[in-house]
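The next block holds one structure in the form of structure tokens; read it before the comments.
The values are calculated or read from the model by the stated rules, or taken from the named source; none is laboratory data. Keep in mind that what you see is a predicted model, and the values were worked out from it rather than measured. All Cβ positions, even for glycine, are placed from backbone atoms using ideal geometry, and neighbour counts span all protein chains on display. Protein only, heavy atoms only, side chains kept; ligands, DNA and RNA dropped before computing areas. Shrake-Rupley method; radii C 1.70, N 1.55, O 1.52, S 1.80 Å.
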Amino acid sequence: MALTLDDVRRVAQLARLRQNDAQAQAMLEELNRIFALIGEMQAVDTSAVAAMSHPRDVAQRLRPDRVTETDRRDALLALAPLSEAGLYLVPKVIE
Amino acid sequence: MFQLTIAELSQRLASRQCSSVELARHFLERIARFNAGLNAVITLDAQRTLAAAAAADARIAAGKAVTLTGIPVLHKDIFCARGWRTTCGSRMLENFVAPYDAHVVARLDAAGAVNLGKTNMDEFAMGSSNESSYFGPVRNPWRASLVPGGSSGGSAASIAARLAPAATGTDTGGSIRQPAALCGVCGLKPTYGIASRYGMIAFASSLDQAGPIAKSAHDLALLLNAMVGFDARDSTSLEREPEDYTRALGQPLQGLRIGLPKEFFSAGVQPDVARAIEAAIAEYRRLGANTVEVSLPNMGLSIPVYYVLAPAEASSNLARYDGVRYGHRAAEFGDLTDMYERTRAEGFGAEVRRRIMIGTYVLSHGYYDAYYIKAQKIRRLIAADFAAAFRRCDVIMGPTSPTTAFELGSRTSDPVQMYLSDIYTIAVNLAGLPGLSIPAGFDAAGLPVGLQLIGDYFSEARLLNYAHRFQGATDWHGRMPQAFVE
């Protein structure tokens, strides 16, 4: 099953990746080559197989619900492209 | 000095034949002299390096040194190191200075190892040739027109050119072993979960694993001792008793059962690579090992499975790069969505964008079961193939890569062709097993061939011994490209 240009545009929007028409067209061709390879999976009968998410089938470890991080607000905010008064600055969302 | 092993350097430091500061200066000078032609190292901070070396010298003087104290180590630029620029090979993180240390970095620092600098890599570790780096490709020290492999290409090339005695790498689908093979050095991907992923910039979290790259199996064992260990901050870190990975070095190989998967010796492998591997296996027979043919019938599916799972996990992990909290932000934008879209389109290179697209698609509504769950099911079949093989053998051997190093630019226009470079390594990540690549000769053009050793879970100490014994009987691992000899 091949992807369409609409699929590519929809996925790019979901992934928050701006692309122009030429890039979308090139991406479509590349993705269809890759999905032809991925399609080889569909020939395998996996009806009796359980999905494997961790090689050792280890369950997620839980920890006590207590604060372990120290306050490093200023150091971390210093990494932001734009911040002011202890806040991250972004374009206005609500008019 | 650059030819010495870690154990030899450690001995010299202990006996005061040289200081850690002298050692750091020696390798910084080699980097200054040779790196321009390789582009293997992308960040240096001589002041920090020399301060760490001076601290190591003080520790040695105080009689509190351990084996790695004072040994310079280059870190793949995927590892956060506090105060160091950490780019992951991406424009997105071009100016990111890590506010904390990765667990692996902290462990090596605690042992007194000296951070020598950061190595170039494929962007976000997505690549098999080191050509997707925002900072330009790394060149193979054996021939500058060739790729070093990837994604830990800068680390592998640095060891090959003897710019450092040790380097760190990460391996999601072959990213330690394949560049180690193409550069003629040694690299180990440990069992999934024994090295913490904390502070290692995430690509595909269920596959990513840190490991060492060095000149010999013995050096790898010394590095592994310091790098691994339980870390509560990585939810997939395994709680195990610490091991000494040097403990099996030197044990005889009499009666060792080597499994040779017929799928590893198929038509796809370059004939002189196959010949070098067969000669290496013959050497193992002389050392007392027996061989048995095994089969990994689902190995061919490892690439399709990987190119669902890894991009799916990557698309999720890379969603954090939004231009708000850290990293690149587009200079011009309209509203918030426009800022996200422009920031990410500018900050990520073509291969990263491609994989985010694959991952977003396979995780999108209506496709999750058909792709992601399907791939996770076949992943179990691949792991079961290895389990069956290990009932008949102690170690699996074969080529690390179907070819030796290839020309820069020769596979960049065809992603599928590039993806096939990792045909022999990816299944090991999917199963979570340990894998090792060591030099095992040269092809007709004089380029290094890597022998891959795959062991059962937690068999690193034995695997390292199998490599160590081979290195006791051969000298392939001691060969280095002539241009860097002096």
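Taking the stretch B:118-155 as the range and being acidic (Asp, Glu) and not in a loop (DSSP other than H, G, I, E, B) as the test, only B:GLU123 passes. Filter the stretch B:325-363 for residues that are of a type in the set (Gly, Ala, Ser), open to solvent by 10 Å² or more (accessible area, probe 1.4 Å) and under 32 Å from the mean Cα position of the chain (by Cα) and give the result. Selection gives B:GLY327, B:ALA345, B:GLY349, B:ALA350.
On inspection, B:THR191 qualifies as in contact (Cβ under 8 Å) with a residue 60 or more places away in the chain and within 15 Å of the chain's Cα centre (by Cα). Evaluating A:ARG56 against the criteria (1) closer than 20 Å to B:ASN429 by Cβ; (2) assigned to a helix (DSSP H, G or I); (3) among the basic types (Lys, Arg) leaves one unmet condition, (2). A residue that is in contact with a Lys or Arg (Cβ under 6 Å, 6 or more places away or on another chain), buried (at least 18 other Cβ atoms within 10 Å of the Cβ) and β-branched (Val, Ile, Thr) can be found somewhere in the stretch B:383-405.
Please work out if B:ASP322 is surrounded by fewer than 22 Cβ atoms within 10 Å (Cβ to Cβ) and in contact with a Phe, Trp or Tyr (Cβ under 9 Å, 6 or more places away or on another chain).
It is true that B:ASP322 is surrounded by fewer than 22 Cβ atoms within 10 Å (Cβ to Cβ) and in contact with a Phe, Trp or Tyr (Cβ under 9 Å, 6 or more places away or on another chain).
Here A:ALA15 fits the description: of a type in the set (Gly, Ala, Ser) and either touching a residue at least 24 places away in the same chain (Cβ under 8 Å) or over 17 Å from B:VAL305 (Cβ atoms) (or both).
Considering B:SER421, B:SER413, the condition of being within 14 Å of another protein chain (Cβ to nearest Cβ), part of a helix (DSSP H, G or I) and either in contact with a helix residue (DSSP H, G or I) (Cβ under 6 Å, 6 or more places away or on another chain) or modelled with pLDDT under 95 (or both) is satisfied by B:SER421 alone.
If we scan the stretch B:128-139, do we find a residue that is under 16 Å from B:PHE203 (Cα atoms), at pLDDT 95 or above and among the aliphatic types (A, V, I, L, M)? No, there is no match, as no residue in the stretch B:128-139 is under 16 Å from B:PHE203 (Cα atoms), at pLDDT 95 or above and among the aliphatic types (A, V, I, L, M). Scanning the stretch B:198-252 for residues that are charged (D, E, K, R) and either in contact with a Pro (Cβ under 8 Å, 6 or more places away or on another chain) or without any contact (Cβ under 8 Å) to a residue 60 or more places away in the chain (or both) gives B:LYS215, B:ASP219, B:GLU239, B:GLU241.
Return yes when B:ILE426 is in contact with a strand residue (DSSP E or B) (Cβ under 6 Å, 6 or more places away or on another chain), closer than 25 Å to B:CYS186 by Cα and not hydroxyl-bearing (Ser, Thr, Tyr) and no when it is not. Spelling it out, it is not the case that B:ILE426 is in contact with a strand residue (DSSP E or B) (Cβ under 6 Å, 6 or more places away or on another chain), closer than 25 Å to B:CYS186 by Cα and not hydroxyl-bearing (Ser, Thr, Tyr). Scanning the stretch A:68-81 for residues that are among the hydrophobic types (A, V, I, L, M, F, W, C) and either facing another protein chain (nearest Cβ under 7 Å) or touching a residue at least 40 places away in the same chain (Cβ under 8 Å) (or both) returns A:ALA75, A:LEU76, A:LEU79, A:ALA80.
The residues of the stretch A:1-47 that are at the interface with chain B (Cβ under 7 Å from one of its Cβ atoms), assigned to a loop (DSSP other than H, G, I, E, B) and over 17 Å from B:THR360 (Cα atoms), listed by number, are A:VAL44, A:THR46.
Among the residues of this structure, B:GLY327 does not count as one that is at pLDDT 95 or above, on the phi > 0 side of the Ramachandran plot and more than 8 Å from chain A (Cβ to nearest Cβ). Restricting the stretch B:448-470 to residues that are open to solvent by 10 Å² or more (accessible area, probe 1.4 Å) and assigned to a loop (DSSP other than H, G, I, E, B), the residue that is nearest to B:GLY432 (Cα to Cα) is B:TYR457. Within the stretch B:334-351, is there a residue that is under 16 Å from B:GLY173 (Cα atoms) and more than 7 Å from every other protein chain (Cβ to nearest Cβ)? Looking for residues that are under 16 Å from B:GLY173 (Cα atoms) and more than 7 Å from every other protein chain (Cβ to nearest Cβ), one finds at least one in the stretch B:334-351, hence yes. In the condition set (1) surrounded by fewer than 21 Cβ atoms within 10 Å (Cβ to Cβ); (2) farther than 21 Å from B:LEU260 by Cα; (3) in contact (Cβ under 8 Å) with a residue 40 or more places away in the chain, B:HIS477 is compliant with all but (1).
Entry remark, the stretch B:275-334: residues being within 30 Å of B:ALA98 (Cβ to Cβ), without any contact (Cβ under 8 Å) to a residue 24 or more places away in the chain and in contact with a Ser or Thr (Cβ under 8 Å, 6 or more places away or on another chain) number 4 in total.
Residue count for the stretch B:17-35 under the criterion of being closer than 14 Å to B:GLY70 by Cα and free of Cβ contacts under 8 Å to residues at least 24 places away in the same chain: the result is 3.
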